[in-house]
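In what follows, a structure is listed as structure tokens, so that the remarks can point back to it.
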Amino acid sequence: MTFQYSIHRVPSSATEIARTPPTLLPYLAGKFSALRLSALVESPNSFASTFEAESLYSGSVWLSRFSRPKVHYFLAVAHSPSAPPESHTIDTGLLVGSVQLYGPSPASFFTLPLGGAPPPLPDAQELKYQMIALYSSSMHRRKGLAKMLIHGAIESARKQAQMEGKEKVRIRVFLHPENLTVKTLYRSVGFVETGFCTLAEAVVQTGDPEALPEDGGKGDPERWLSMLGVVMEWVG
């Protein structure tokens, strides 16, 4: 079956939430939890978290993820080809993909001094975001959905930069070194390799510091402290 796709940002600001029907976010949280758990099963090496951990989350925990500070969720929805464009809303169709942006973050937090990347521009000139957890359902791949999600997130960040009078947007992503398919995908939309990172740096930079062991990863340095993650950035 051929589908039509649309990309939507989940309401996150207090103003947006106040205008949102009270049942929408719990509904989306339920749909997102199923998608996220599928992603953890299908692509365990692409995420710092695990299915075993997140499958224990309650409905309230999933809902609270939408209100985490500085985390912006973008969802891909598949619609019937017969559905008119005006019906392509976030709560219709099938939830088939997602990506997150974390930020904007100040240069003092964003900079990874040991990874080899050139320093970012001053905060007065650009907004800085981390792109996280890009995923599309296996049944809907090879249809350009991942690129649609990336472009949707970039466009949202650019609009925010314009509102704040910033010249540019910098979006960074961390990749597993063996994930060549995803690396090729990001290259195709304008990301370039800029350096390396540790898993410990990655979980902090993506807004998930609670995933870091209490000892900062020293008990398992090969996993947490090895400079193996690939860093790619998009600036525009």
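Among the strands (runs of 3 or more DSSP E) contained in segment 1-105, which hold 2 or more residues that are in contact with an Asp or Glu (Cβ under 7 Å, 6 or more places away or on another chain) and within 15 Å of Ser137 (Cβ to Cβ)?
none
For segment 171-196, filtered to residues that are over 17 Å from the mean Cα position of the chain (by Cα) and within 18 Å of Leu114 (Cβ to Cβ), the residue that is surrounded by the fewest Cβ atoms within 10 Å (Cβ to Cβ) is Pro177.
Note on segment 103-141: residues that are surrounded by 18 or more Cβ atoms within 10 Å (Cβ to Cβ) and of a type outside the set (S, T, N, Q) total 15. Within segment 167-198, the set of residues being within 16 Å of Ala48 (Cβ to Cβ) and β-branched (Val, Ile, Thr) comprises Val173, Val182, Thr198. For segment 4-59, a residue qualifies if it is modelled with pLDDT of 90 or more, in contact with a helix residue (DSSP H, G or I) (Cβ under 8 Å, 6 or more places away or on another chain) and among the aromatic types (Phe, Trp, Tyr), and the qualifying residues are Tyr5, Phe32, Phe51, Tyr57. Taken over segment 1-24, the criterion of being within 20 Å of the chain's Cα centre (by Cα) and over 21 Å from Gln160 (Cβ atoms) is satisfied by Tyr5 alone.
The values are calculated or read from the model by the stated rules, or taken from the named source; none is laboratory data. All values reported here derive from a predicted model rather than from experimental measurement. Glycine also receives a Cβ, built like all others from the backbone with ideal geometry; neighbour counts cover every protein chain displayed.
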